[in-house]
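One structure is given here, and the rest of the page talks about it.
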Amino acid sequence: MIFSTVFLVVGLVLIAIFLGIFFYYVPFLLWLSAKVSGVRISLMQLFLMRIRKVPPSIIVNALIEAHKAGLSNITRDELEAHYLAGGHVVRVVHALVSAAKANIDLSFKTATGIDLAGRDVFEAVQMSVNPKVIDTPVVSSVARDGIQLLAKARVTVRANIKQLVGGAGEETILARVGEGIVSSIGSSETHKLVLENPDSISKLVLSRGLDAGTAFEILSIDIADVDVGKNIGATLQIDQANADKNIAQARAEERRAMAIALEQEMKAKAQEARARVIEAESEVPKAMAQAFLNGNLGIMDYYRMKNIEADTHMRDSIATPQGEKPSNNKK
């Protein structure tokens with residue numbers, strides 16, 4: 001009795017394992033669901049999907065969705081190939097159904113190419129139907145009168161299905177719009193003109209075709225806010241004036257140094273000249289003594305010379321104003 005019970009339990013377990021393995025590789029319920037939905041697929045094809053490591057539920061559900069949406073040109077082999085290539089089958093089928101309902105021309109080949117390129121094809125179709133608004137960061141620019149303006153814009157874009165593969169993204173759109181705003185404000189004569197007509201910026205930027213080569217189509221560019229910043233022109237003039245001042249001070253200091261050097265040189269030459277005069281004066285007594293010895297100079301001549309020196313000194317003292325030293329320092 002015990003052996004029969006154990007045998008029965010083991011048999012039931014083996015049957016359960018066998019049925020689990022069978023229904024895993026041969027998903028009968030999934031095949032029945034596809035059959036009821038009108039999708040033609042065999043149990044052998046579902047079994048081979050398991051062998052190829054392709055989830056049958058993803059392929060069958062995608063075929064059912066496409067069939068119900070009237071997309072009869074999508075085949076099982078194409079969906080399997082896209083899955084094996086690393087694509088998102090469900091996302092591609094959702095995009096194809098949405099595009100068909102919105103009358104957007106989107107083929108299966110284009111959709112799979114966009115998906116394999118790394119872009120969300122379903123989101124792109126949604127953006128084609130419902131345009132997206134992108135807020136640009138604050139763009140700083142300076143008008144010709146030197147006043148800084150801080151502008152912020154809102155760019156309304158729609159996905160360009162034909163250029164999603166290889167087209168530039170949102171960062172390029174924002175960079176181009178910012179460049180256009182800077183160029184538009186920079187070409188304005190005064191900042192007052194920009195504040196009075198902010199729509200002139202959007203018109204000028206929109207007319208440049210900034211969406212060329214991108215995955216989007218720009219529908220509108222609206223200036224959301226314009227604020228007045230710093231007086232950049234005055235700041236630059238102040239900086240230039242300070243720079244000119246520093247240059248002038250440096251040149252003046254250079255001239256002053258040259259003048260001091262010249263003064264020192266003249267003082268050195270004057271001292272040298274005075275030394276030579278003192279040296280020459282020291283030779284006068286010797287010459288006079290030699291003249292006395294040789295009989296060329298007499299006593300009367302010597303006294304006449306002293307009287308002339310005294311008279312000259314007196315005249316210098318009379319001619320020199322009070323407080324100033326006479327030119328002849330001898331007393």
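The values are calculated or read from the model by the stated rules, or taken from the named source; none is laboratory data. Since the model is a prediction, treat every value here as computed from it, not as a measurement. Heads up: the accessible areas ignore ligands, DNA and RNA and are worked out on the full protein's heavy atoms, side chains in. Shrake-Rupley method; radii C 1.70, N 1.55, O 1.52, S 1.80 Å.
Listed values, structure above:
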{"quantity": "Partners for Lys109 among lysines (Cα-Cα distance below 22 Å; same-chain residues under 8 apart left out)", "calculated": "Lys68, Lys101, Lys162"}
{"quantity": "Region 42-198: equivalent-ellipsoid semi-axes (sqrt of 5 x gyration tensor eigenvalues, Cα, Å)", "calculated": "49, 14, 10"}
{"quantity": "Segment Lys109-Glu189, extension gain: residue separation times 0.36 nm, minus the distance between their alpha carbons", "calculated": "23.6 nm"}
{"quantity": "Longest to shortest principal axis, alpha-carbon extents of region 253-318, angstrom", "calculated": "61, 32, 10"}
{"quantity": "Principal axis box of region 39-98, alpha-carbon based, largest edge first, Å", "calculated": "32, 25, 16"}
{"quantity": "Accessible area of region 104-177 belonging to carbon and sulfur atoms, whole % at 1.4 Å probe", "calculated": "49 percent"}
{"quantity": "Cα convex hull of region 198-318 - mean projected area over all directions, nm²", "calculated": "20.8 nm²"}
{"quantity": "Hits among lysines - C-alpha to C-alpha of Lys267 under 23 Å, sequence gap 8 or more where chains match", "calculated": "Lys325, Lys330"}
{"quantity": "For Leu219, solvent-accessible area (1.4 Å; no DNA, RNA or ligand), Å²", "calculated": "70 Å²"}
{"quantity": "Kyte-Doolittle at least -1.0, axis length at least 15 Å by Cα - qualifying DSSP helices, the chain", "calculated": "2-25, 56-68, 89-101, 170-186, 232-294, 299-319"}
{"quantity": "Among Ile59, Ile185, Ile318, residue whose mean-square fluctuation peaks in a GNM of the chain (springs only between Cα atoms under 10 Å)", "calculated": "Ile318"}
{"quantity": "P(r) weight above 33 Å for the chain, C-alpha pairs, percent", "calculated": "67 percent"}
{"quantity": "Structure-based [θ]222 nm, the chain - -39500 (n - 2.57) summed over DSSP H runs of at least 4, per residue, nearest 500", "calculated": "-21000 deg cm²/dmol"}
{"quantity": "Theoretical gain in end-to-end length, Lys152 to Val138 [0.36 nm per residue, Cα-Cα removed]", "calculated": "4.5 nm"}
{"quantity": "For region 173-331, accessible area per residue (1.4 Å probe, heavy atoms of protein chains only), Å²", "calculated": "74 Å²"}
{"quantity": "Kirkwood hydrodynamic radius of region 178-219, Cα pairs, Å", "calculated": "11.1 Å"}
